[in-house]
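Got a structure for you, questions after.
The values are calculated or read from the model by the stated rules, or taken from the named source; none is laboratory data. Quantities reported herein were computed from a predicted structural model and do not represent experimental measurements. Positions of Cβ are generated from backbone atoms using ideal geometry, with glycine treated the same way; all protein chains shown enter the neighbour counts.
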Amino acid sequence: MAATKRGRRALHALSAGAAALPGLAGNGFAEAPAERVRAEYGWSNYSEDSVDSDSLISGSEGDRYEIDMHQFSASVPLGDRFDAALDVSYETMTGASPWFILPAADGTPVQVMSGATIEEERTDLLLSGSYYLDRGKLSAGSGISVEKDYTALNGNVAGEWHLNDKLTTLSGGLGFSFDDIEPTDSNLFLLRPEHGEKNSQSLFFGVAQVIDRFSVIQTSLAFQRSKGYLDDPYKQVFVAGSVLADSRPDARLQGAWLTRYRRHFAPVEGTLHADYRFAVDDWSMTAHSFELAWYQSFFDFVRVVPSFRYYTQSQTNFYAPYYLVPRSDGHHSNDYRLSPYGAISWKVKAETDFHTPWIRPIDWKANLTWERYRSDTDLAPVDVSIENPGLVSFNLLTFGLKALF
Amino acid sequence: MQSFSFAFRAMGSPCELRLYGSSREALAPLVALATDEVTRLERKYSRYRDDSVTSEINRSAGKRCGVVVDAETAALIDYADIAHRQSDGLFDITSGVLREAWDFKSGRLPSEIQVQRALARVGWGKVNWDRPRLQLSEPGMELDFGGYVKEYAADRVAALCRAEGARSGIVDLGGDLCAIGPHPDGRPWQVGVRHPRRNGEVMARLPLAYGAIASSGDYERFMLVDGVRYAHILDPLTGWPVSGLACVSVWAPHCLVAGTSSTIAMLKGAKEGPRWLDNLGLASVRMDSFGRLSGSVHAGGDSLEESACSI
C-alpha cells in the first residue's frame, strides 16, 4: 500500500480539519510535535554592489562584501511532547567596507573604504527544544556565535498559548545576548579599542487571530535594550579636520510593532501576505517597512512567491556623513545604517515538493530565491541633503533543501 | 489495576467504555463525565429534538439571514466542507433529506420523481457557509450531523479520559472505536469487526493501541427488493443507494477521520473505494458484496485472548 501525493494531501486536510475541532488537537500520538525527523540545508550568496567610483576617494577600491553562507538545521521528536533542534551555520566573508567619509572642497561626501580586503568567517551554533502542551508550547534555545574578533552567547525562552478553540493564539518571549568584541589589528589602528562588551535583553508578545477560514491577522510588540559597547570599531568619522573613532551612546532602547495579514484565495490557490512594521528607538530613529508577497501554487507541488518590500528610516540624532563642528556629547557616526534613506527590494522564490519512496520514504522541499535590494536617499519620503555614499545595494541568491524522514 | 467495562446506550447504539482502575466505584466519576459528554453531543446534534442545533439550522432553511452557529458546530461544518471536497462531493451533510424518498422499512423502492424531488434539496453547493453564519439556500434543506458526530463523540470521550489521567482504555460508540491508550503493559486492544452478512460473527480482528477504528457497512439498514440489496448509504449525486462494498473498516489517528474515510470508501464503491483508501495511506479492511476480503492490514489473528469490543 503506497500512499499517493493526492491521497496524503486529502488525509492531511481531513486530519487538520479534525484537529481543529475542540478538544481533539491532542488526540493520541496523532498530533505529536515534530512527528518526523527533519534535516535541512541552505546555501546563500550575498553580494554587495561596488561603491560608485564617483563617490570614492581616488586610489581606493570600491569592492564590498561578498558572503557565502552554509546552513544546516535538523530537528528530532523526543517522545510525545518534546522535540529538539540544532542549527549550525558557517559563513565566509570577503571584501571591504566603508571606513569613513571625507568632505570634498564643495561639501560632497567622499567614501574611504577599509584598506585591505577583509577575510572573515563566522560559525553559529544554536540548540533549541520545545515542549508541547495541550493548548500551546514552550520553547527554549541557546546559541553561540564565533568570529575571529567576536563571540556572542545568546539564549531565549518563548511560549505560545491557544485560546478560543485555537482561533486565538497568544505568544510571548524573552531573550538575552552577551557579546564580546576584540577588534582585530587594534595594535595597528590606534583608534580601535582592544576590547568591548555588549549586553542586550529582548522581550516580545503578540496575538494572532483567525478571522475566518481564509484569513488570519497577527500583531506583536517587541522591545530590545542594549547596553555597553555599541560603536562600530571598524568605522571612523571625520570631525572638524581630524578623524576619530566611531562613537555612539552606550545604551539603546528599541521598540517595534509588527502586523501581519494573510488571506487565502481558494479559487486561484493563492495567498496574499501583507506585513507592516514600525520601529522606533531612543536614538530618535523611526523606520517603516511594508511588504507584500503572493504565494501562488501550481499543480499541487510548485509554489512561486514574488514579493516586494519598501523600507524607510530616519536618521539617528547624532548621525552625520561628516562633522564640521564636533558635537558636545562626543557622539559621532557616519555609518550608513544610521543615516536617512529608503530601500526597495524585489524577491522571487520558487519552491517545489517531491517524494522519494526508495529505501525509506522521504518528503523533500527545494527552493531557490533571488532578491535584489537597493537603498537610496531618493527612495526616502523626505529630502535628504547629503546622501551617505556607503548606502548598500545587493543581490542575494539562496538555495534550500529540506527533507522529512 | 484491572479493566472494567461500562455499557450504556447512546446515539441509537449500544456503547461501551473500557477503563483500567482499582475498582468500578473509583472509575464511576470518569464514566459519568464520559457519558455526559456523549449525551451532550447527542442532544446538541439530534435531528429529533426541537432544541438541538441541528433543528435550529434546519428551521432556518430558505431564510435569507441564515443562522449563526457556535464554535464547535462551526468546526464540525468546516470539517464537513473539507470532507466534501476531499471526496469529490460524495460526503455531503445535506443528503439526509433523501430519507424522505427512501423508507427502508417499507420494502418498496421510491419512484424516480420522489428521488428527484428530494435530490433538489441536496447539495453542499447550495449551502452558503461564511463562518460563523450558515445559510441553507433552499426551503426544506437539512443538515444532518448524524454521519459523523458519533465518531467525533468517540474522539472527544477518549480525549476527555486522557485529560483526566487515563492512559489505558477504549471507547466504543456503536462500533466506532477510539483508543484512550493500550493496555497498561503496552499490548494493543484486539478489536473484532462485525461480519456484514453473518450475524454475530467477526469478519476481522484488528489490533488497536492508539488512534481509532471506524466502520461503515450496508448491514445497518437495508431492504431486499426482488433479490437486490438496497442499503442506507445514499449517493448524494444520484440519490440512490451505493453498492459494491459490504463493509469497510479504517484505522486513523482520529475516529472522525476513520469514520469519514470508511463512509467515503463505501460511497466510492468496490473499485474506487479501496483505491482511494490506499492512496490516503490509512490501514483498512474491506469486504465487497461477494464476500471477498481485502485490505492493507492482516485481518486474521487466532491467538487473541482479548477481545475488547465487537462491532
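Starting from region B:59-80, keep only residues that are under 20 Å from B:R49 (Cα atoms), then list their pairs with residues that are modelled with pLDDT under 85 and assigned to a helix (DSSP H, G or I) whose Cβ atoms are within a distance under 8 Å, requiring at least 6 positions of separation or different chains.
Final answer for the pair search is none.
Away from chain A (no Cβ under 12 Å), within 20 Å of the chain's Cα centre (by Cα) and closer than 24 Å to B:A71 by Cβ, is that true of B:L173?
So B:L173 passes the test.
Wholly within region B:244-297, which strands (runs of 3 or more DSSP E) include no fewer than the required count, namely at least 1 residues that are touching a helix residue (DSSP H, G or I) at 6+ places or on another chain (Cβ under 6 Å), surrounded by fewer than 24 Cβ atoms within 10 Å (Cβ to Cβ) and in contact (Cβ under 8 Å) with a residue 40 or more places away in the chain?
The strands (runs of 3 or more DSSP E) meeting that bar are B:284-288.
Do you know which residues across region A:57-96 are of a type in the set (S, T, N, Q) and at pLDDT 85 or above?
Answer for region A:57-96, where residues must be of a type in the set (S, T, N, Q) and at pLDDT 85 or above: A:Q71, A:S73, A:S75, A:S89, A:T92, A:T94.
Within region A:256-273, does at least one residue satisfy the condition of being over 24 Å from A:V216 (Cβ atoms), under 25 Å from the mean Cα position of the chain (by Cα) and among the hydrophobic types (A, V, I, L, M, F, W, C)?
No, there is no match, as no residue in region A:256-273 is over 24 Å from A:V216 (Cβ atoms), under 25 Å from the mean Cα position of the chain (by Cα) and among the hydrophobic types (A, V, I, L, M, F, W, C).
Which condition number in (1) touching a residue at least 24 places away in the same chain (Cβ under 8 Å); (2) over 20 Å from B:Y79 (Cβ atoms) is the one that B:E112 fails?
All conditions pass for B:E112, except number (1).
Moving on to the next point. Mind listing whichever residues of region A:1-22 are farther than 12 Å from B:G281 by Cβ and more than 7 Å from chain B (Cβ to nearest Cβ)?
A:A16, A:A19
Report, by residue number, each residue of region A:216-244 that is under 23 Å from A:N187 (Cα atoms), part of a strand (DSSP E or B) and aliphatic (A, V, I, L, M).
Of everything in region A:216-244, those that are under 23 Å from A:N187 (Cα atoms), part of a strand (DSSP E or B) and aliphatic (A, V, I, L, M) turn out to be A:V237, A:V239, A:V243, A:L244.
Check every one of the strands (runs of 3 or more DSSP E) wholly within region B:184-238 and list those with 3 or more residues that are modelled with pLDDT under 85 and of a type in the set (S, T, Y).
none
The rows are residues; the columns are (1) over 23 Å from B:A71 (Cβ atoms); (2) within 14 Å of another protein chain (Cβ to nearest Cβ); (3) among the β-branched types (V, I, T); (4) surrounded by fewer than 20 Cβ atoms within 10 Å (Cβ to Cβ).
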site	(1), (2), (3), (4)
B:R85	no, yes, no, yes
B:V97	yes, no, yes, no
B:R108	yes, no, no, yes
B:R117	yes, no, no, yes
B:G123	yes, no, no, yes
B:R133	no, yes, no, yes
B:F145	no, yes, no, no
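Criterion first (in a loop (DSSP other than H, G, I, E, B), out of contact with any Gly (no Cβ under 6 Å at 6 or more places or on another chain) and within 14 Å of chain A (Cβ to nearest Cβ)) does B:G165 satisfy it?
yes
Going by what's in this entry, would B:A154 be described as free of Cβ contacts under 8 Å to residues at least 60 places away in the same chain and either in contact with a Ser or Thr (Cβ under 6 Å, 6 or more places away or on another chain) or crowded, with 20+ Cβ neighbours inside 10 Å (or both)?
The answer is no for B:A154.
Any residue at all in region A:343-358 that is in contact with a helix residue (DSSP H, G or I) (Cβ under 8 Å, 6 or more places away or on another chain) and within 26 Å of A:D54 (Cβ to Cβ)?
Looking for residues that are in contact with a helix residue (DSSP H, G or I) (Cβ under 8 Å, 6 or more places away or on another chain) and within 26 Å of A:D54 (Cβ to Cβ), one finds at least one in region A:343-358, hence yes.
Which number in (1) within 21 Å of A:T286 (Cα to Cα); (2) in a loop (DSSP other than H, G, I, E, B); (3) free of Cβ contacts under 8 Å to residues at least 60 places away in the same chain marks the one condition that A:R360 misses?
With respect to (1) within 21 Å of A:T286 (Cα to Cα); (2) in a loop (DSSP other than H, G, I, E, B); (3) free of Cβ contacts under 8 Å to residues at least 60 places away in the same chain, A:R360 is out only on (1).
What are the residues in region A:157-175 that are part of a strand (DSSP E or B) and either of a type in the set (A, V, I, L, M) or over 28 Å from the mean Cα position of the chain (by Cα) (or both), if any?
A:V157, A:A158, A:L163, A:L170, A:L174
I would also like to ask the following. Could you count how many residues in region B:195-236 are without any contact (Cβ under 8 Å) to a residue 60 or more places away in the chain, closer than 19 Å to B:I264 by Cα and away from chain A (no Cβ under 14 Å)?
Residues that pass the stated criteria total 6.
A further question on this structure: Residue under question is A:Q236, and the condition is that it be within 14 Å of chain B (Cβ to nearest Cβ), more than 23 Å from the chain's Cα centre (by Cα) and not small (G, A, S); does it hold?
It is false that A:Q236 is within 14 Å of chain B (Cβ to nearest Cβ), more than 23 Å from the chain's Cα centre (by Cα) and not small (G, A, S).
Output the residues belonging to region B:87-112 that are part of a loop (DSSP other than H, G, I, E, B) and in contact with a strand residue (DSSP E or B) (Cβ under 6 Å, 6 or more places away or on another chain).
Within region B:87-112, B:F104, B:G107, B:L109 qualify.
Right, another one. Is it true that B:R221 is under 18 Å from the mean Cα position of the chain (by Cα), in the same structural domain as B:G186 (by TED's automatic domain parsing) and surrounded by fewer than 17 Cβ atoms within 10 Å (Cβ to Cβ)?
Yes, satisfied.
So which strands (runs of 3 or more DSSP E) are wholly in region A:55-156 and hold at least 3 residues that are in contact with a strand residue (DSSP E or B) (Cβ under 9 Å, 6 or more places away or on another chain) and farther than 19 Å from A:S393 by Cα?
A:66-78, A:82-95, A:118-133, A:136-147
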